[in-house]
1. Tell me the trypsin sites (Lys or Arg not before Pro) within the range 185-215 that lie in a loop according to DSSP and have at most 15 other beta-carbon atoms within 10 Å.
2. Any idea what log10 I(q)/I(0) is at q = 0.09, 0.16, 0.18, 0.19 Å⁻¹ for the range 153-274, Debye with uniform C-alpha scatterers and no solvent?
3. Quick one: Debye curve from the C-alpha atoms of the range 1-95, no solvent, what's log10 I(q)/I(0) at q = 0.11, 0.25 Å⁻¹?
4. What is the dipole size for the chain, taken about its Cα centre, with +1 at each Lys and Arg Cβ and -1 at each Asp and Glu Cβ, in debye to the nearest 20?
5. Calculate the spin-label point distance for Ile64 paired with Leu205, positioning each point 7 Å from the Cα along the beta-carbon direction, and give it in nanometres.
6. Kindly report the accessible area of the range 215-270 per residue (heavy atoms of protein chains, probe 1.4 Å, no ligands, DNA or RNA), in Å².
7. How far apart, in nm, are two points set 7 Å out from the Cα along the Cα-to-Cβ line at Ala230 and at Ser255?
8. Which whole-number percent gives the relative contact order of the chain, counting Cα pairs below 8 Å spaced six or more residues apart?
Amino acid sequence: MKLLIIADIEGVAGVCCREQTVSGNAEYQMARQLMVEEVNAVVEGAVRTGISEITVIDSHGPMINLPIDNLSPQAKLVQGKPRALGMIDGIQFADYDALMMVGAHSAAGEYGVLAHTINSRAFLKVEVNGQVMGEVDLYSSLAAEFGVPLLMVSGDDHLKAHVAEAFPESEYVQVKKARGAYAAESLPVSIAKELLSAAARQSLLKRHQPKTAFCLESPYRLTVSSISQAQSDLYALVPGVERVSPNQVSYEAGSFKDLVTLLNSLSAMSASVP
Ligand SMILES: [Zn+2]
């Protein structure tokens, strides 16, 4: 059995403000340590089921956050960007059996600690077939196309409510309660780690079938709301992307692989307009 773990930082217990998510800040050093501790707890729980291979994908910002010298020796680490499938790049290279998302967060436009989708400077909201979608929805739907089910997610209470609706069979570990976009009440680190470890083990024991978010079916109509009108001007230059309104573009994708690849391309492009 092979497990893939996507590691983000915004949904980790003890993380609630931007300074903690950007390298160069003193607060970031503590946050990346908390991030690796939560990942290690998940790895530890998974190992107890006798799993043969675990790959951790560093998926926050420049994707070089997890200190490899503190990562469990039971896991391999994928780092750096750009990568073909963004946060989940690597899924195409091996027959993985399960996906878990640690330190995850709510979608852009939704309530939640540090809520955003892929790039807070590029997207105000991302919708697929009328449903607001965040990173958990997009990447685990892509994983489903590779036959890999989302077994477990961790983050705040708002994401918990969303996951219960979009992926009712997946385990969820709430490690904090949102008190605002940049404020949270976190569990003690030791308790969060215990819960993560237990849920990782439990979810592997009752592994379920892969599903797209909300059980959506192809074709997928992607609607992207940009931060500025100029960004939509730019996004509409991509062949196949249609202009819908001053701050919106739309695209029809046959797969989440295409849809996510387009979003990551738009995200990279967005930096070129003010
Ligand atoms: Zn992140």
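1. Filter output for the range 185-215: Lys206, Arg207.
2. -0.40, -0.95, -1.01, -1.03
3. -0.31, -1.33
4. 120 debye
5. 4.1 nm
6. The answer is 45 Å² per residue.
7. If labels sit at Ala230 and Ser255, their model points lie 3.6 nm apart.
8. 21 percent
The values are calculated or read from the model by the stated rules, or taken from the named source; none is laboratory data. Keep in mind the model is a prediction, meaning the values are calculated, not measured. Note that each Cβ is placed from the backbone with ideal geometry, even for glycine, and that neighbours are counted across all protein chains shown. Just so you know, the surface numbers come from the protein's heavy atoms only, side chains and all, with ligands and any DNA or RNA stripped out. Shrake-Rupley method; radii C 1.70, N 1.55, O 1.52, S 1.80 Å.
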